[in-house]
1. Where residues in segment 44-95 are within 30 Å of Glu16 (Cβ to Cβ) and of a type in the set (Ser, Thr, Tyr), which of them is farthest from the chain's Cα centre (by Cα)?
2. Yes or no: segment 20-41 includes at least one residue that is under 28 Å from Met1 (Cα atoms), in contact with a helix residue (DSSP H, G or I) (Cβ under 8 Å, 6 or more places away or on another chain) and among the polar types (S, T, N, Q).
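Only the coordinates and a few stated rules stand behind these numbers; no lab work does. What you are looking at is a predicted structure, and each value in this text was computed from that prediction instead of being measured. Note: ideal-geometry Cβ built from the backbone for every residue, glycine included; neighbour counts use all protein chains shown.
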Amino acid sequence: MLAYKRPKAERAPFIEEALHGAAEVPLQVVERIHAMQQRLDRIQVPARFGSDLAVAKALAIAARTGALENVNINLDSIQDAAFKAGVTARLQALG
């Protein structure tokens, strides 16, 4: 928001920098959730804990979906093609 408070003539690079951060943070969340989902898929629990594992998996899916939405909405506004390509490559690496 501070970037948008700057004079119009000088705000573009500050907005771009802010958008990079606004995409990077949820991207890191997606990467961490991906690793967690892989661990959750390997966990074997007694039947009585099955619902706990199912809830953990569902929450991970919801968190990943929300974080991806935040990455994508910010990526749409970013002008830096190299940054966009890097983010896209990281997302593709997650499958």
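1. Ser77
2. There is no residue in segment 20-41 that is under 28 Å from Met1 (Cα atoms), in contact with a helix residue (DSSP H, G or I) (Cβ under 8 Å, 6 or more places away or on another chain) and among the polar types (S, T, N, Q).
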